[in-house]
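Okay, structure first, notes after.
The values are calculated or read from the model by the stated rules, or taken from the named source; none is laboratory data. Note that the coordinates shown come from a computational prediction; the quantities given were computed from them, not determined experimentally. We place every Cβ from the backbone using ideal geometry, glycine too, and count neighbours over all the protein chains shown.
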Amino acid sequence: MINAVGRELPDYLDGFGKIKPFNGAFATLPDMPRQSPKVKRMCPGNHKVLNDLEEVFTKIPIRDGMTLSFHHHFRNGDGVVNMVLATAAKLGLKNLTVALSSVFPVHAPLIDHFKSGVVAALDTNYISGPVAAAISQGLPARPTILRTHGGRARAIECGQLHIDVAFIAAPATDCYGNINGVSGPTACGSLGYAFPDAEYADYVIAVTDHLEEYPLSPISIPQTRVDFVVKTDRIGDPKGIVSGTTQITKDPVQLKIASLAAQAIKASGMITDGLSLQTGAGGASLAVASFVRKMMRETGIVGSFALGGITGYLVQMLEEGLFKKIVDVQGFDLEAVRSLAANPNHLEVGAGFYANPFNSGCTVNQLDCVILGATEIDTNFNVNVVTGSDGIIMGGSGGHSDAAAGAKLTIIVANLLRGRLPILVDQVMTVTTPGETVDVLVTEWGIAVNPLRNDLLERFKTAGLPVKDISELKRIAEDIAGIPQTNRSQGKIVAVVEYRDGTIIDIVRQVPK
Amino acid sequence: METAQIAHSGTLESNDIMITLSVRPPGSGQQIEIQSIVMQQYGDAIRQTITDTLNYQGIIDIYVKAVDRGALDCTIKARLLTAAARAGFKLKEDNDL
Amino acid sequence: MTMRRSMLFIPGNNPGMLQNGGVFGADSVILDLEDAVSPLEKDAARRLVAHALRTVNYANSEKVVRINSLDTGLTEDDIKAIVPCRPDALLIPKVQGPADIQKVAALMAAAEGPEQPPVQIIALIETPRGLAEAYNIATADPRVAALAFGAEDYTAGLGATRTKEGQEILTARCWLVNAAAAAEIDAIDTPYTDTADEEGLIADIALAKQLGFKGKLSINPRQVEHIHAGFSPSAKEIIWAEKVIQAISLAKEQGTGVIAVDGKMIDAPIVNRAERIIMLAQLLGLQKEAYHD
């Protein structure tokens, strides 16, 4: 069958099940009750602190085929996933599903667990490093499910991703399982991506290297949902968790793109009081924030909130009074951690609150504008952030599709040419975010507006912005670089790309080594 | 040109290409080795550009190693010709290229 | 009229910068074979720039190449390689006197193809001697389209210290502007070298415009927007210029001899200035906007 973005999909996929095709960004309605996890009790006098992970495994007990979940707030400094899976391997467990919200290079030991059969499936929102390459080459046994950040929350809350045991890397906890992310040696700030896991898993384990006196304060994840606490020597490497500073790009082409994007936001009429904005931490994206900041200062306007992955740059804007609030699902640097701990207007929210399309309202719906990147974009404005132009997995949606769907104005910033490669193509290798949710593409060679947004086109023309038809931009790129050869793999399906509503928007096939 | 000579041009910076030429004895033919970050998309095009440029200049017996960082055609030609000139080839004016 | 508000240097041996030179919207790009290229890479840069001129899309930017100065021995090879690739102009560094221009112009004429429009010359004045000869340089050959000022080498030549405030170059700037105006060509100001200092740049642009420069060299694409803002006619200037033009045509209709605008007498140089402002405003599409503010 063919879905609404023109992708050929099988009706059924071994190791995954029946495929429900993507049918439009808002076309699929929920038809299920929310999931209900097991009811527990804890008698007075009982203790939660266990000696080590092995004791957790035997106490629950964890069996073959279970789903273990993890959050990615420690990013490339995470130690918990590897520790837990090493324990599973030692105990001879097989056929586990790992539901880890994002996978980083530090998680390379997963590859051996795929090969040995300890882990049979991966459920995640973003993958970088050697694990991504291993999946593209055909590991693990079952196809990987690539979700969005909001979609993962939806899958957990609505019962498509049942978690047997959630292991929560906990920067600070107390003996009764209260957790926060703002103190201890591995402080990472918001723990938002762990909230659905903690809320809906059958068992919740806090894995920590920093036990504080009861009761912990502040509390992000409460004792009422945590079954056991395990203290180990070290749960992560702070250097991989938060970088000291987040730098704005100095690359002149990216700055040019960022400047154009900021002018586009202005021309859209959005530089007014109450502006809400999401930007990534990537070079050009953060540079857009710097240009917007300047405009806000010059016109004296005050925004309502900044959303998403939070950097010190956004913290400065909050403290300068340019935004009234920060809504933080993930912190990227030490400044974000400090601000979350100290500033009552810096709010910690969960992945569902942030972006789940199937609840009574998520925050991306309140966004005026989001600035996003792209690996590829096609002439229908469909965006690929999952695979490279060679078809090999190198990322994932994360919050890309969620913010694009929610925001009034979705801007993609991207170099028209990356190295020699045109990012603008007839058909992206892997559709991640559907074109109907993307309004504007800003490149160094000009701005293309989605034909669905003629209102914007008129505004941009009036403002004298360099607007071009998207096919003209594509022609410019090909004039410069030549037409690239594309080879679509015909190999087995190694991953399904799930849209935030649970339908399948595309698949990824095996690429030979 | 009797003995093998080696000449380089270009860099490993993004958008550049590093060309190494080694003059080979008559009858050896053209041997072209390419590494590229865009091999899948432009490998054939890069080879074509190098072959066309060598043929236009009448350079027959040569070993070319190209380490490409996403160079455009005009850069590939310019780097190749620079290396050829440095190797001592007398080049035809390439104004029509 | 060629607008040269911003003239952006692009290093000549950097393929990434060369291929992106057209995206910054500078009025001119200067592909640089001189200071930006190490002595061992002059041959490589020359070929790279030649191929870039033929193939890279520099959009609406004027294509200028800075060749190496006559004392390097590279000038003739530079001209032979570059001129047939149809740049709009060559920027000649360290011009000392009219003889330099005549030498270069002869080489350029010899290198031009049969149907090629003449390549213009922009003379970079960056020595005390060159400054002393500025008017003679400006009038040495019809190809000379502008004088540009290079303050760093000039200050060194003076034996003075270059400062941010720039008192040490005030006389040179005024002298250069005067020489260019006398020869009826444009004067282009020295680059502002502290690329991190936006406020300093804006002030320096304002001063240059006040002194009579028509544009500014730039060493960083980030400066282009500020330079354009500084050298584009302001709303006030456009409104004034339109009044002048209206007064002139009215005077012609009525056969009146003496013309005044806002109580001030109008004569030929003022009309010239007004006409230039209107032309710039038309080129930039600024005329209507002026009345909105």
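Residues that are outside any helix (DSSP H, G or I) and in contact (Cβ under 8 Å) with a residue 40 or more places away in the chain were ranked within the range A:346-358; the one that is surrounded by the fewest Cβ atoms within 10 Å (Cβ to Cβ) is A:Val349. Contact map, the range C:163-176: first residue assigned by TED's automatic domain parsing to the domain that holds C:Asp197, second residue crowded, with 16+ Cβ neighbours inside 10 Å and among the hydroxyl-bearing types (Ser, Thr, Tyr), Cβ cut-off under 7 Å, separation 6 or more or different chains; pairs are C:Glu168/C:Thr155; C:Ile169/C:Tyr154; C:Ile169/C:Thr155; C:Ala172/C:Tyr154. Any idea how many residues of the range A:477-513 are within 14 Å of chain B (Cβ to nearest Cβ), surrounded by fewer than 20 Cβ atoms within 10 Å (Cβ to Cβ), out of contact with any helix residue (DSSP H, G or I) (no Cβ under 6 Å at 6 or more places or on another chain) and in contact (Cβ under 8 Å) with a residue 40 or more places away in the chain? Counting residues in the range A:477-513 that are within 14 Å of chain B (Cβ to nearest Cβ), surrounded by fewer than 20 Cβ atoms within 10 Å (Cβ to Cβ), out of contact with any helix residue (DSSP H, G or I) (no Cβ under 6 Å at 6 or more places or on another chain) and in contact (Cβ under 8 Å) with a residue 40 or more places away in the chain gives 7.
Per-residue answers, yes or no, for (1) within 14 Å of chain B (Cβ to nearest Cβ); (2) crowded, with 21+ Cβ neighbours inside 10 Å; (3) part of a loop (DSSP other than H, G, I, E, B); (4) hydroxyl-bearing (Ser, Thr, Tyr):
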residue: A:Glu335; (1), (2), (3), (4): no, yes, no, no
residue: A:Arg338; (1), (2), (3), (4): no, no, no, no
residue: A:Pro344; (1), (2), (3), (4): no, no, yes, no
residue: A:Ile371; (1), (2), (3), (4): no, yes, no, no
residue: A:Gly396; (1), (2), (3), (4): no, yes, yes, no
residue: A:Ala405; (1), (2), (3), (4): no, yes, no, no
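It is to be established whether one or more residues within the range A:434-456 are of a type in the set (S, T, N, Q) and without any contact (Cβ under 8 Å) to a residue 12 or more places away in the chain. Checked against the condition, which is being of a type in the set (S, T, N, Q) and without any contact (Cβ under 8 Å) to a residue 12 or more places away in the chain, the range A:434-456 yields at least one hit. The set of residues from the range A:107-141 being farther than 13 Å from A:Val508 by Cα, in contact (Cβ under 8 Å) with a residue 60 or more places away in the chain and not aliphatic (A, V, I, L, M) comprises A:Thr124, A:Asn125, A:Tyr126, A:Ser128. Residue selection: C:Ala26 fails the criterion of being assigned by TED's automatic domain parsing to the domain that holds C:Ala187, more than 25 Å from C:Pro233 (Cβ to Cβ) and touching a strand residue (DSSP E or B) at 6+ places or on another chain (Cβ under 9 Å).
Across the range C:62-71, a minimum of one residue is classified as under 24 Å from A:Ser259 (Cβ atoms), out of contact with any Leu (no Cβ under 7 Å at 6 or more places or on another chain), touching a residue at least 60 places away in the same chain (Cβ under 8 Å) and more than 10 Å from every other protein chain (Cβ to nearest Cβ). Note on the range A:84-107: residues that are part of a loop (DSSP other than H, G, I, E, B) and over 19 Å from the mean Cα position of the chain (by Cα) total 5. For the residues A:Gly419, A:Gly399, A:Gly464, A:Gly435, the requirement of being under 22 Å from A:Cys362 (Cβ atoms), touching a Gly at 6+ places or on another chain (Cβ under 9 Å) and of a type in the set (Gly, Ala, Ser) singles out A:Gly399.
Selection of helices (runs of 4 or more DSSP H) fully inside the range A:142-260 by the criterion of at least 2 residues being within 30 Å of A:Lys94 (Cβ to Cβ) and assigned by TED's automatic domain parsing to the domain that holds A:Ile393 returns nothing. Residues of the range C:72-119 that are within 14 Å of chain B (Cβ to nearest Cβ), surrounded by 21 or more Cβ atoms within 10 Å (Cβ to Cβ) and outside any helix (DSSP H, G or I): C:Pro87 alone. On inspection, C:Glu41 does not qualify as modelled with pLDDT of 95 or more, surrounded by fewer than 21 Cβ atoms within 10 Å (Cβ to Cβ) and in contact with a Ser or Thr (Cβ under 7 Å, 6 or more places away or on another chain).
Scanning the range C:1-32 for residues that are within 13 Å of chain B (Cβ to nearest Cβ), aliphatic (A, V, I, L, M), outside any strand (DSSP E or B) and touching a residue at least 12 places away in the same chain (Cβ under 8 Å) turns up just one, C:Leu18. Looking only at residues of the range C:33-57 that are of a type in the set (Asp, Glu) and over 21 Å from the mean Cα position of the chain (by Cα), we find that the one that is nearest to the other protein chains (Cβ to nearest Cβ) is C:Asp43.
The single condition among (1) under 29 Å from A:Glu8 (Cα atoms); (2) away from every other protein chain (no Cβ under 14 Å); (3) without any contact (Cβ under 8 Å) to a residue 40 or more places away in the chain; (4) surrounded by fewer than 18 Cβ atoms within 10 Å (Cβ to Cβ) that A:Gly361 does not satisfy is (1).
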